Every structure is written in structure tokens, then in C-alpha cells.
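K.L.:
Sending over a structure as C-alpha cells; questions will come in a sec.
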Amino acid sequence: MARENIHNSLEVYYEKIDCCPLQDRQFNFFEFVYVLSGKGNHGINGNQLPFKGGDLFLITPNDYHSFNLDLVCEFMVVRFAPSYVKSYSWQSIDHIECLLYYASHFSGSIIINEADKLMVANLMQNLQHTAELKSIYAEDLMRHLVNAIIVIAARNISVIKPESISPNADTRILQIIDYIQEHIRQPELLKINVIAEKFGLSDTYLGSYFRKQCNESIQQYISSYRIRLIEHRLRFSNKRVHEIADEFGFADESHINKFFKRHKGMSLSLYRNTSKRENVIAS
């Protein structure tokens with residue numbers, strides 16, 4: 001799998017391509033991909049979803065993705081390091097980086113508000129114009145435009161994210177969340193005592209600390225994140241249930257079905273069939 005790095009804290013560029021040069025790329029940074037024109041399928045973390053003009057995707061560190069394009073497509077790509085988010089003094093959302101990490105819960109376009117879609121479209125057009133012009137103060141202007149897009153993305157993610165995060169969330173909780181997301185398919189590494197030892201905390205303190213920072217228990221967060229990924233497998237991949245069970249470290253189909261039914265009130269097969277019917281109706 002190709003892994004990419006960035007040399008600057010912020011990189012912005014325009015792409016017009018008829019094929020994706022790299023498949024299943026994995027990053028150590030955040031990446032916005034905005035579809036200016038064209039259509040095809042976006043593969044993210046093993047799921048495949050159709051995309052069209054106006055879609056905005058946010059790929060987080062440890063995600064992997066690729067695009068299968070139908071003819072020529074145009075994209076605006078914005079890459080920024082976690083340090084870029086930390087270095088900016090956000091007025092009212094100190095936990096913005098934590099919100100951005102929640103994009104890993106979703107596979108589709110992250111902008112759901114119609115008014116925000118129009119705003120992002122205008123911002124991306126201005127960003128493209130500024131990047132191409134390379135005039136005086138262009139870098140400062142691009143940063144302001146990118147920051148506006150980040151805030152709009154965070155606002156939409158805050159509406160659809162599974163649980164709320166405390167406004168006082170600190171850097172260490174981001175590291176713990178990143179660790180959980182990275183090892184979500186390895187249950188043995190997500191035991192409370194293992195995580196506590198990894199971050200130099202006691203089991204008891206880790207539990208109370210996580211709940212204070214994220215307004216939910218660490219077990220709830222792990223379960224909700226795993227459920228969301230399993231949902232995406234059922235909706236957007238052709239993997240069989242036993243393959244999904246193996247991927248997420250369950251002993252067999254029975255165990256993953258019990259886990260899923262406890263949280264969703266239905267079996268995996270019923271969820272998949274229901275999702276397919278809803279997709280047909282929506283199309």
C-alpha cells in the first residue's frame with residue numbers, strides 16, 4: 001500500500017485526471033477531496049461509494065482510499081497536517097481536531113447541509129483561483145479559505161457524529177482516539193489494561209478520563225466505532241459475513257451477529273438487505 005507524506009503543513013492543488021495515479025493510498029495527514037466535476041466510485045477503507053460533482057470527502061490519518069473515475073474528473077485537493085489544526089487559534093471549537101477525526105466514521109460526502117454545500121462550492125472555486133494566480137498574499141488568502149472549509153466540515157460532522165465531545169478535549173484524548181481507530185480490527189490491543197499501559201495511565205483513571213473528555217465510556221466509543229465500520233462493510237462492500245467477522249477479530253459469524261444485534265436490534269443480513277432496499281428507493 002502506498003503511503004504518502006506532505007512536506008508543508010498545508011498543500012493545495014487542482015487535479016484534472018482520467019485515472020487515479022495511486023490506488024489505496026494511506027496518509028499521515030488530513031486530506032479534503034472536493035469533486036469539481038465528473039463521477040465514479042470512491043474507495044475508502046475497503047468500501048466503494050459513487051461520487052459526483054459537489055461531493056466533499058475528508059480522509060483522516062490512517063484511512064486509505066482511491067478513486068475509480070468515469071472519464072475525466074476535476075478535483076480540488078487540500079492536504080493539511082494535524083499540526084496545522086493545532087497551530088490555529090479557533091475561536092469557539094477547541095476540539096476541532098477531534099471532530100475531524102470523527103470523519104473516519106463515515107464513507108460518504110461529509111457536507112449534508114444544503115446551504116453549506118453552496119458555500120463550500122464557492123470557497124473551492126475561490127481556492128482554485130487563488131492557487132492558480134499565485135499573486136501577493138496568496139498563501140495567506142488560501143489559509144483563510146481552507147480554515148473556512150475546515151469549520152464548515154466540522155459543523156457538519158458535529159451533526160452526524162455518533163457521540164458528542166467535550167469542548168475541553170485535550171491532545172492526549174486525540175492520541176487515544178487515533179490509537180483506537182488504528183487498531184479497531186485488533187480486539188486484543190483494545191483491552192482497557194492494554195490501552196492504559198500504552199498511555200501510562202491506570203485502568204480506572206483511563207475510564208474516568210475518557211468519559212470526561214468524550215462524554216461516553218471508552219467501551220461505548222470502541223463499540224460505536226466498530227459498529228459504524230461494520231455497517232459500512234455491509235452497505236458498501238461485497239464481503240460476506242464470515243469475512244467481516246474475521247476482519248474485525250470476532251471468533252465466528254455467531255459472535256459478530258450477537259454483537260451487532262445487541263447494538264442495532266437486527267442481524268447483519270437483515271441490515272444489509274434493508275440498506276439495499278433503501279438504496280434502490282433512493283435511486
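K.L.:
From the set of residues in the stretch 205-253 that are part of a loop (DSSP other than H, G, I, E, B) and polar (S, T, N, Q), which is modelled with the highest pLDDT? Even if it seems obvious, please write down each step before you answer.
P.N.:
Taking the stretch 205-253 first, the residues part of a loop (DSSP other than H, G, I, E, B) are 215-217, 237-240, 248-252.
Imposing the further condition that a residue be polar (S, T, N, Q) reduces the set to 215, 217, 237-238.
Working: Asn215: 82, Ser217: 92, Ser237: 83, Asn238: 85.
Per the criteria, the residue is Ser217.
K.L.:
Kindly indicate which of Arg233, Arg262, Arg240 is more than 21 Å from the chain's Cα centre (by Cα) and closer than 19 Å to Ile44 by Cα.
P.N.:
On the way: Arg233 fails: more than 21 Å from the chain's Cα centre (by Cα); Arg262 fails: closer than 19 Å to Ile44 by Cα.
Testing whether each residue is more than 21 Å from the chain's Cα centre (by Cα) and closer than 19 Å to Ile44 by Cα leaves just Arg240.
K.L.:
Take the residues in the stretch 66-123 that are among the acidic types (Asp, Glu) and modelled with pLDDT under 85, then tell me which one is surrounded by the fewest Cβ atoms within 10 Å (Cβ to Cβ). Quick ask: steps written out before the conclusion?
P.N.:
Taking the stretch 66-123 as the starting set, the residues that turn out to be among the acidic types (Asp, Glu) are 70, 74, 94, 97, 114, 116.
If we keep only those that are modelled with pLDDT under 85 as well, we get 94, 97.
On the way: Asp94: 14, Glu97: 22.
Taking the candidates together, the pick is Asp94.
K.L.:
Follow-up question, since we're still on this one. If you scan the stretch 240-250, which residues turn out to be surrounded by fewer than 20 Cβ atoms within 10 Å (Cβ to Cβ) and over 22 Å from Ile180 (Cβ atoms)?
P.N.:
Passing the criteria: Arg240, His242, Glu243.
K.L.:
Filter the stretch 127-150 down to residues that are under 14 Å from Phe80 (Cα atoms) and among the hydrophobic types (A, V, I, L, M, F, W, C), then give me how many there are. If you could, list the steps in order and put the result at the bottom.
P.N.:
Within the stretch 127-150, the subset under 14 Å from Phe80 (Cα atoms) is 139, 142-150.
Those still in the list that are among the hydrophobic types (A, V, I, L, M, F, W, C) too: 142, 145-146, 148-150.
Residues that pass the stated criteria total 6.
K.L.:
Among the residues of the stretch 124-140, are any under 21 Å from the mean Cα position of the chain (by Cα), surrounded by 18 or more Cβ atoms within 10 Å (Cβ to Cβ) and assigned by TED's automatic domain parsing to the domain that holds Val35?
P.N.:
Filtering the stretch 124-140 for residues under 21 Å from the mean Cα position of the chain (by Cα) gives 124.
So of that shortlist, the ones also surrounded by 18 or more Cβ atoms within 10 Å (Cβ to Cβ) come out as 124.
Checking the rest, the ones that are also assigned by TED's automatic domain parsing to the domain that holds Val35 come to 124.
Yes, the stretch 124-140 has at least one match.
K.L.:
Would the stretch 173-181 turn up any residue that is in a loop (DSSP other than H, G, I, E, B) and under 22 Å from Phe29 (Cα atoms)?
P.N.:
Start the filter on the stretch 173-181 by keeping residues that are in a loop (DSSP other than H, G, I, E, B), which leaves none.
No: the stretch 173-181 contains no residue that is in a loop (DSSP other than H, G, I, E, B) and under 22 Å from Phe29 (Cα atoms).
K.L.:
Among (1) at pLDDT 90 or above; (2) surrounded by 15 or more Cβ atoms within 10 Å (Cβ to Cβ), which single condition is Arg262 missing?
P.N.:
(2)
The values are calculated or read from the model by the stated rules, or taken from the named source; none is laboratory data. All values derive from a computational prediction rather than experimental measurement. In this analysis, Cβ positions are derived from the backbone assuming ideal geometry, glycine residues included, and neighbour counts consider all displayed protein chains.
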